[in-house]
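Can you read through this structure? Questions will come right after.
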Amino acid sequence: MLNDSTLFVFALDLEVAGEFDHVAKVIVGVGKINATYELTKAVYHHKPKLIVNLGSAGSNTFKRGEVVCCTKFLQRDMDVRGLGFQQYQVPFSDIPPILNYGIKIKGLPEGICGTGDSFETNHFSSDYNVIDMEAYSFAFVAMKENIPFLCLKYISDGADGMAAEDWNVQVHKAAEAFKKILF
């Protein structure tokens, strides 16, 4: 599955931790706008045959230190119900509220990733069980460009009152966990 035409995408260099310096990669920064812009540029530069997003995420469903394969994505901060649209639906778009675009890896738990431009410290929705700030954007660009997409999230925190402290401790462990699964 992985080869020379695979592009690895990370939000932060902290998530790489020197473990992925031997592959084609892009560090996009935090948030949906940065993610969309930087990945789109990288797609046109690298012309990948596969996009792999590896990153940290919160969850109150999965355990800290667990790697989850996300295959469904929604924009948790997209809410235009006041105009008659479904929650998470992009108005006047043919894209469903839940974007189902991702490769599954046998043996890894599957998650639904809620992407938004906020760091969740009080997660309560049952619509998604993995919380991040970029994956929907990556899945969207990959789908639009017809490039297969793999998204693995290292659960760094419980998306609760301890999320910031837990993330600061756990984020450094993500790259090693990903390397064990992929190489």
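The values are calculated or read from the model by the stated rules, or taken from the named source; none is laboratory data. Every value quoted in this text rests on a predicted model; they were computed, and no experiment measured them. We place every Cβ from the backbone using ideal geometry, glycine too, and count neighbours over all the protein chains shown. In case anyone asks, the SASA skips ligands and DNA or RNA and just uses the protein heavy atoms, side chains included. Shrake-Rupley method; radii C 1.70, N 1.55, O 1.52, S 1.80 Å.
Scanning segment 1-58 for residues that are at pLDDT 95 or above and among the polar types (S, T, N, Q), which turns out nearest to Asn129 (Cα to Cα)?
Only one residue fits best here, namely Ser56.
Could you pull out every one of the helices (runs of 4 or more DSSP H) wholly within segment 76-183 that has 2 or more residues that are surrounded by fewer than 19 Cβ atoms within 10 Å (Cβ to Cβ) and free of Cβ contacts under 8 Å to residues at least 24 places away in the same chain?
So the answer is 163-170.
Related question: Inside segment 3-28, can you point out the residues that are out of contact with any Phe, Trp or Tyr (no Cβ under 8 Å at 6 or more places or on another chain) and either within 16 Å of Phe149 (Cβ to Cβ) or surrounded by fewer than 15 Cβ atoms within 10 Å (Cβ to Cβ) (or both)?
Asn3, Asp4, Ser5, Thr6, Leu7, Ala11, Asp13, Gly18, Asp21, His22 - these are the residues of segment 3-28 that are out of contact with any Phe, Trp or Tyr (no Cβ under 8 Å at 6 or more places or on another chain) and either within 16 Å of Phe149 (Cβ to Cβ) or surrounded by fewer than 15 Cβ atoms within 10 Å (Cβ to Cβ) (or both).
Tell me yes or no: at least one residue of segment 43-52 is free of Cβ contacts under 8 Å to residues at least 12 places away in the same chain, farther than 23 Å from Glu165 by Cα and open to solvent by 80 Å² or more (accessible area, probe 1.4 Å).
yes
Does segment 29-42 hold any residues that are open to solvent by less than 50 Å² (accessible area, probe 1.4 Å) and hydrophobic (A, V, I, L, M, F, W, C), and which are they?
Listed by number, the residues that qualify are Ala35, Leu39, Ala42.
Further, regarding this structure: Would you mind telling me which numbered condition in (1) open to solvent by 60 Å² or more (accessible area, probe 1.4 Å); (2) assigned to a strand (DSSP E or B); (3) of a type in the set (Val, Ile, Thr) Thr71 fails?
Exception for Thr71: condition (1).
As an exercise: evaluate His22 against (1) within 19 Å of Lys180 (Cβ to Cβ); (2) assigned to a helix (DSSP H, G or I) and give the number of the one condition it does not meet.
That leaves (2) as the condition not met.
Just one of (1) assigned to a helix (DSSP H, G or I); (2) on the phi > 0 side of the Ramachandran plot trips up Tyr37, so point out which.
Answer for Tyr37: the failing condition is (2).
To continue, here is another question. Would you call Val30 within 12 Å of the chain's Cα centre (by Cα) and not in a loop (DSSP other than H, G, I, E, B)?
In short, no.
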